[in-house]
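**Student:** Dumping the structure here so I can ask a few things about it.
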Amino acid sequence: MGLNLILPLQVWMERWVLERSCRWPRARIEAHQSRSVEQLRRFVLQRSPFYRRFHRGLEQRPLADLPILTKATVMENFDDLVTDRGVRLAEVEAFLDRDGGRGLFQDRYVVLSTSGTTGRRGLFLFSGSEWINVLASISRPLYWAGVYRRPWGLPRVALIASTVPWHYSARISLTLSSRLLPQLRLDAVQPVAEMVTRLNEWQPEMLAAYPSVVLQLAEEQIAGRLHIRPGSVMTSAEVLPEETRRRVREAWGVRMFDTYGTTEYAPVAVECIQGRKHLLEDGAVIEILDDKGRAVPPGTAGDRILLSVFRRRVQPLIRYEISDMVRPLDEPCECGRHFQVIDAIEGRTEDVLLFPARLEGHAPVPVHPNVFHDVLDVFPTAGWQVVQDESGLSVYLCGPRNIREFEALRLALYRALEAQNVQVPPIKIQPVDKLERGATAKAPLVVSRLGRAAG
Ligand SMILES: [Zn+2]
């Protein structure tokens with residue numbers, strides 16, 4: 001996509017349109033939702049053979065009566081689900097392997113991939129106008145947090161996330177990077193000492209990173225090695241512990257703003273200046289259900305979230321399931337927005353693993369879960385899990401049984417860890433039929449069992 005002078009303007013206009021809904025009363029939000037869902041359902045019945053089958057006999061029923069759509073179902077029915085008959089899964093996968101996801105598939109579509117948290121990897125396509133909508137949506141948290149107070153200049157940003165091109169954050173950053181938005185991009189898997197050096201040089205006004213990385217950097221600042229003065233700190237993609245917020249206040253005297261998003265609809269929820277998270281209900285119907293599939297009342301934690309996304313037309317998602325736990329709250333918010341308030345987001349829970357440093361006398365080195373994601377997400381498997389214990393690292397793999405591939409994987413992991421300047425422990429690769437599930441019914445992908453009771 002490269003540097004496109006019109007793109008920032010299009011994104012700015014799109015965001016301006018989106019942000020008007022922040023003043024809507026509740027009744028208007030709901031009217032907008034039912035109108036948008038109706039249009040979406042009509043559209044998929046005309047254009048998607050999959051949805052014609054999936055919703056057969058239910059065409060006149062309310063949204064809540066339609067079947068739940070899982071990522072596995074989306075991927076199994078990919079060719080029939082998309083509304084462009086020229087798009088084939090095999091070709092999209094070949095494109096990703098060939099191009100690494102940098103360019104546009106068929107010169108038209110941005111392709112993103114999600115990791116196999118619940119099994120297999122998901123591929124998601126966006127048309128040009130859908131992508132502008134994504135870019136506009138992703139910058140809404142900055143407006144909500146008051147970062148864009150100065151209309152004449154954007155802040156110097158340091159973005160620390162994944163730099164794998166088909167990863168959501170990397171793709172956003174590739175598209176937006178320009179002289180209009182000065183940014184330093186670092187990979188979350190870089191050793192912390194390197195990040196500290198680069199950040200000290202760059203002196204960002206805004207820091208955007210995963211909570212686990214922000215916590216490491218706050219500790220570096222408190223320890224006196226990092227010297228930056230960001231005016232705002234934004235996080236997303238992981239659970240944000242209260243302790244991290246406290247350390248950030250201590251390190252920089254600023255508060256953090258957290259966003260909850262998924263590749264399929266981002267952001268799902270945004271934190272306002274009052275410290276509450278609001279569901280972005282102007283772009284999707286967001287249902288919070290219990291384990292029996294019933295909508296949960298305010299104050300009760302749900303078991304999963306269903307998304308029906310209005311603007312996704314190439315690859316429509318209706319009642320698409322994400323297995324994160326959130327609790328809807330029956331609270332009005334002083335910020336004036338009438339979007340549903342939620343709390344307690346429990347999603348991907350992964351551990352930052354600590355390894356002894358390769359050099360004698362150095363402190364243990366924290367290794368971000370993305371180090372493992374970058375290697376394992378591209379490995380052909382139906383699911384994986386990395387467990388650290390006293391004996392070293394165990395990698396559990398669902399699916400493949402090929403010994404030669406195991407060796408290649410072991411080597412790739414060894415190199416990735418070596419690049420972190422740690423003493424690489426023994427790595428065991430173990431094929432399994434099923435992964436151990438955590439409390440959220442998801443298999444935590446990177447787990448430390450060091451210093452914990454077994455089980
Ligand atoms: Zn609010």
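The values are calculated or read from the model by the stated rules, or taken from the named source; none is laboratory data. No experiment lies behind these values; they were computed from the predicted model shown. Using ideal geometry, Cβ is built from the backbone for each residue, glycine included, and neighbour counts are taken over all protein chains shown.
**Student:** Tell me which residues, restricted to the stretch 375-386, are over 10 Å from Leu445 (Cβ atoms) and crowded, with 20+ Cβ neighbours inside 10 Å.
**Tutor:** The answer is Val375, Thr381.
**Student:** Just to be sure, is Val395 in the same structural domain as Gln216 (by TED's automatic domain parsing) and either over 30 Å from Cys272 (Cα atoms) or within 16 Å of the ligand (Cβ to nearest atom) (or both)?
**Tutor:** Considered against the rule, which asks whether it is in the same structural domain as Gln216 (by TED's automatic domain parsing) and either over 30 Å from Cys272 (Cα atoms) or within 16 Å of the ligand (Cβ to nearest atom) (or both), Val395 comes out as no.
**Student:** Then there is this: Just to be sure, is Glu250 away from the ligand (no atom under 16 Å from the Cβ), assigned to a strand (DSSP E or B) and of a type in the set (Asp, Glu)?
**Tutor:** Criteria not met by Glu250.
**Student:** Going by what's in this entry, would Val367 be described as away from the ligand (no atom under 16 Å from the Cβ), under 21 Å from Thr263 (Cα atoms) and in contact with a helix residue (DSSP H, G or I) (Cβ under 8 Å, 6 or more places away or on another chain)?
**Tutor:** no
**Student:** So, one more: Looking only at helices (runs of 4 or more DSSP H) that fall completely inside the stretch 1-120, which ones have 2 or more residues that are surrounded by 14 or more Cβ atoms within 10 Å (Cβ to Cβ) and modelled with pLDDT under 95?
**Tutor:** In the stretch 1-120, 6-19, 71-76, 89-99 are the helices (runs of 4 or more DSSP H) which contain 2 or more residues that are surrounded by 14 or more Cβ atoms within 10 Å (Cβ to Cβ) and modelled with pLDDT under 95.
**Student:** Considering only the stretch 253-271, state which residues are within 16 Å of the ligand (Cβ to nearest atom) and more than 19 Å from the chain's Cα centre (by Cα).
**Tutor:** Hit for the stretch 253-271 is Arg255, nothing else.
**Student:** If you don't mind, another one. Any idea which of Asp282, Asp303, Asp324 is in the same structural domain as Val44 (by TED's automatic domain parsing) and over 26 Å from Asn77 (Cβ atoms)?
**Tutor:** Only one candidate qualifies: Asp282.
**Student:** Among the numbered criteria (1) in a loop (DSSP other than H, G, I, E, B); (2) within 16 Å of the ligand (Cβ to nearest atom), which single criterion is violated by Ile342?
**Tutor:** (1)
**Student:** Taking Phe339 and the conditions (1) surrounded by fewer than 14 Cβ atoms within 10 Å (Cβ to Cβ); (2) modelled with pLDDT of 90 or more, which numbered condition does it fall short on, given that it satisfies the others?
**Tutor:** (1)
**Student:** Same structure, new question: Of the residues that sit in the stretch 364-382 and are in a loop (DSSP other than H, G, I, E, B) and at pLDDT 80 or above, which one is nearest to Leu217 (Cα to Cα)?
**Tutor:** By that ranking, first place goes to His368.
**Student:** So which of Arg52, Arg23, Arg15, Arg61 is under 25 Å from the mean Cα position of the chain (by Cα) and among the charged types (D, E, K, R)?
**Tutor:** Arg15
**Student:** Confirm whether Gln315 is touching a Phe, Trp or Tyr at 6+ places or on another chain (Cβ under 7 Å), of a type in the set (S, T, N, Q) and assigned to a loop (DSSP other than H, G, I, E, B).
**Tutor:** yes
**Student:** Let me spell it out: the conditions are (1) at pLDDT 95 or above; (2) surrounded by 15 or more Cβ atoms within 10 Å (Cβ to Cβ), and His227 meets all of them except one. Which number is the exception?
**Tutor:** All conditions are met except number (2).
**Student:** Just wondering, is there one or more residues in the stretch 282-293 that are more than 19 Å from the chain's Cα centre (by Cα), closer than 20 Å to Phe43 by Cβ and in a loop (DSSP other than H, G, I, E, B)?
**Tutor:** Yes; the residues of the stretch 282-293 include at least one that is more than 19 Å from the chain's Cα centre (by Cα), closer than 20 Å to Phe43 by Cβ and in a loop (DSSP other than H, G, I, E, B).
**Student:** Can you name every residue in the stretch 257-281 that is in a loop (DSSP other than H, G, I, E, B) and either among the hydrophobic types (A, V, I, L, M, F, W, C) or modelled with pLDDT of 95 or more (or both)?
**Tutor:** Ala266, Val268, Cys272, Ile273, Leu280, Glu281
**Student:** Which of the following residues is within 16 Å of the ligand (Cβ to nearest atom), among the charged types (D, E, K, R) and touching a residue at least 24 places away in the same chain (Cβ under 8 Å): Asp330, Asp324?
**Tutor:** Going through Asp330, Asp324 in turn, the sole match is Asp330.
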